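The values are calculated or read from the model by the stated rules, or taken from the named source; none is laboratory data. All figures in this text were calculated on a predicted structure; none of them were measured in a lab. Because the Cβ atoms are built from the backbone with ideal geometry, glycine has one as well, and the counts that use them run over all protein chains shown.
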Amino acid sequence: MTVTTLSSQSFTVDFTAADNAGRLAFLLGNMGTAAVYIDDVVIKEIAYIGVGDPLVKAIDASNFVSASTGWETDWWGAAQRAVDGATGNKASGNDGQSEGLDLWVNVKIDPEYEIKEVLVAGDKSAPRSLAQFKVEYGANTMINWTNSNTDGVYETFNMFSSAPPANTRDFKLSFRPPAGQLVEVADVQFMAVDHKPYRIYTLGLDNGGTITPSGTLRFSKNNTDSQTYTFTPPVGKAVANVIVDGVSLGALNSYTFTNINKSHSLAVAYGSSVSNSVLLSTGRPVAASTALLAAANAVDGNSASRWESAHGVTPSWISVDLGSSTALTQVVIDWEAANAGSYTIEGSNDNANWVPLKSVTGGTFGNRTDTNSITGRYRYVRIHCTALSAGNNSFGS
């Protein structure tokens with residue numbers, strides 16, 4: 001009788017875009033010998049992890065900081081050329097000064113980069129050559145003295161003695177020539193993961209006016225960032241158009257990017273002055289939270305009539321339907337003595353989700369007119385009264 005001991009073996013196979021499962025089972029089955037054979041093969045599918053983060057170049061001429069003495073002083077061999085991103089430009093030691101000497105340069109890279117590879121393009125044209133190089137950050141040696149084997153062509157190094165943490169910025173690159181020769185190096189490049197690869201570029205299309213926040217902002221590669229921008233027109237003007245990635249969205253007072261997973265552009269144009277505005281609310285349908293006097297009185301064009309809310313009810317509101325989404329520049333409220341001490345002007349395009357356009361506080365008892373500049377494109381406008389002015393018990397306009 002023959003006793004066979006069974007054992008389980010586990011293989012991890014990269015099978016992406018390769019053969020079919022039956023072919024793989026056949027190949028594994030034929031791995032047996034006269035003494036050892038595979039009795040059963042189970043093929044399991046697991047989640048495909050992907051190809052990893054893309055790498056970007058981390059060094060160009062702007063990243064050069066400083067260099068040791070001993071480099072060529074003429075332009076054709078200046079130290080900066082070792083890190084200018086071009087293999088056709090070479091940095092070289094100074095003849096008669098630096099034979100047999102190690103030379104170095106310092107670079108400072110983007111704060112959002114994490115280095116994954118070092119590319120070195122050496123030189124093999126005696127008497128100016130590169131024998132070895134070294135990479136350090138702070139007190140740490142990233143790559144100790146390592147042979148350079150190429151002449152003007154990048155060679156990739158990704159085995160690090162000490163891997164620099166993400167956001168490490170300052171690096172020292174040292175170069176050693178063959179004995180008795182001068183150092184010459186074509187280029188050194190870092191390949192890095194950009195932890196904030198997405199940009200939002202903003203542009204005001206007219207003089208004056210502000211976009212907040214301003215400038216170019218960067219966002220995480222995790223696709224979870226959001227950013228809201230608000231727009232303030234120049235005095236006497238209004239937002240006329242907001243353009244996102246080349247698409248016109250009309251007059252908005254703000255715009256929010258959510259789950260940012262690519263770069264965007266945001267441009268804002270400003271239009272005609274408020275003095276050229278057209279009255280939109282007269283005779284339009286209105287609604288109110290409560291009404292002792294009809295809400296329609298607030299938009300009938302008659303200063304002798306008014307809407308009045310139920311006494312003692314706070315908050316209270318009144319809204320008007322403009323019929324279609326319209327670029328807004330101004331809301332004027334003629335209050336009677338019973339009025340709001342605090343209120344918010346809100347806009348909506350579905351009569352359900354409201355966007356605050358302006359908040360007002362400190363309103364006083366007595367007849368008054370509040371002129372409020374706003375921006376945005378909305379169909380519905382609501383005056384949401386949150387506090388009475390001192391001395392009255394209802395809202396009226």
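Return yes when residue 261 is surrounded by fewer than 18 Cβ atoms within 10 Å (Cβ to Cβ) and touching a residue at least 60 places away in the same chain (Cβ under 8 Å) and no when it is not. So residue 261 passes the test. Quick one: is residue 226 at pLDDT 90 or above and touching a Lys or Arg at 6+ places or on another chain (Cβ under 7 Å)? Spelling it out, it is not the case that residue 226 is at pLDDT 90 or above and touching a Lys or Arg at 6+ places or on another chain (Cβ under 7 Å). Against the test of being among the polar types (S, T, N, Q) and at pLDDT 85 or above, the options 303, 273, 277, 319 yield a single qualifying residue, 319. Looking at (1) surrounded by 16 or more Cβ atoms within 10 Å (Cβ to Cβ); (2) under 15 Å from residue 174 (Cβ atoms), find the lone condition where residue 66 falls short. With (1) surrounded by 16 or more Cβ atoms within 10 Å (Cβ to Cβ); (2) under 15 Å from residue 174 (Cβ atoms) applied to residue 66, the lone miss is (1). In the stretch 240-258, the qualifying residues are those that are outside any loop (DSSP other than H, G, I, E, B) and not β-branched (Val, Ile, Thr), and the one that is surrounded by the fewest Cβ atoms within 10 Å (Cβ to Cβ) is 248.
The criterion of being within 30 Å of residue 129 (Cβ to Cβ), in the same structural domain as residue 74 (by TED's automatic domain parsing) and either surrounded by fewer than 19 Cβ atoms within 10 Å (Cβ to Cβ) or in contact with a helix residue (DSSP H, G or I) (Cβ under 7 Å, 6 or more places away or on another chain) (or both) does not hold for residue 164. The stretch 319-362 holds strands (runs of 3 or more DSSP E) entirely within its bounds, and those carrying 3 or more residues that are touching a Leu at 6+ places or on another chain (Cβ under 7 Å) map to 340-348. Only one of the numbered conditions (1) under 22 Å from residue 354 (Cβ atoms); (2) assigned to a helix (DSSP H, G or I); (3) not charged (D, E, K, R) is not met by residue 297, and that is (1). Condition first: under 31 Å from the mean Cα position of the chain (by Cα) and of a type in the set (Ser, Thr, Tyr). Now tell me which residues in the stretch 91-125 satisfy that. Correct list: 113 only. If the condition is being touching a residue at least 60 places away in the same chain (Cβ under 8 Å) and either under 17 Å from residue 372 (Cα atoms) or among the basic types (Lys, Arg) (or both), then the stretch 237-250 contributes 238, 239. Test residue 215 against the stated conditions and say whether it is part of a loop (DSSP other than H, G, I, E, B), of a type in the set (Gly, Ala, Ser) and either in contact with a strand residue (DSSP E or B) (Cβ under 6 Å, 6 or more places away or on another chain) or free of Cβ contacts under 8 Å to residues at least 24 places away in the same chain (or both). Here the answer is yes, as residue 215 does meet what is asked. The set of residues in the stretch 348-373 being of a type in the set (Gly, Ala, Ser) and touching a residue at least 40 places away in the same chain (Cβ under 8 Å) consists of 373 alone. Considering only residues of the stretch 300-318 that are among the β-branched types (Val, Ile, Thr) and assigned to a loop (DSSP other than H, G, I, E, B), which is nearest to residue 332 (Cα to Cα)? Filtering first and then ranking leaves 314. Against the conditions (1) in contact with a helix residue (DSSP H, G or I) (Cβ under 6 Å, 6 or more places away or on another chain); (2) without any contact (Cβ under 8 Å) to a residue 12 or more places away in the chain, residue 302 satisfies every one except (1). Checking the stated criteria, residue 180 turns out to be on the phi > 0 side of the Ramachandran plot and outside the structural domain of residue 230 (by TED's automatic domain parsing).
Checked against (1) within 24 Å of residue 253 (Cα to Cα); (2) at pLDDT 85 or above, residue 371 passes all but condition (2). Would you please name the residue that is surrounded by the most Cβ atoms within 10 Å (Cβ to Cβ), looking only at residues in the stretch 69-123 that are closer than 22 Å to residue 162 by Cβ and basic (Lys, Arg)? The extreme case among them is 116. Counting only strands (runs of 3 or more DSSP E) wholly contained in the stretch 87-182, no element carries 2 or more residues that are among the small types (Gly, Ala, Ser) and at pLDDT below 95.
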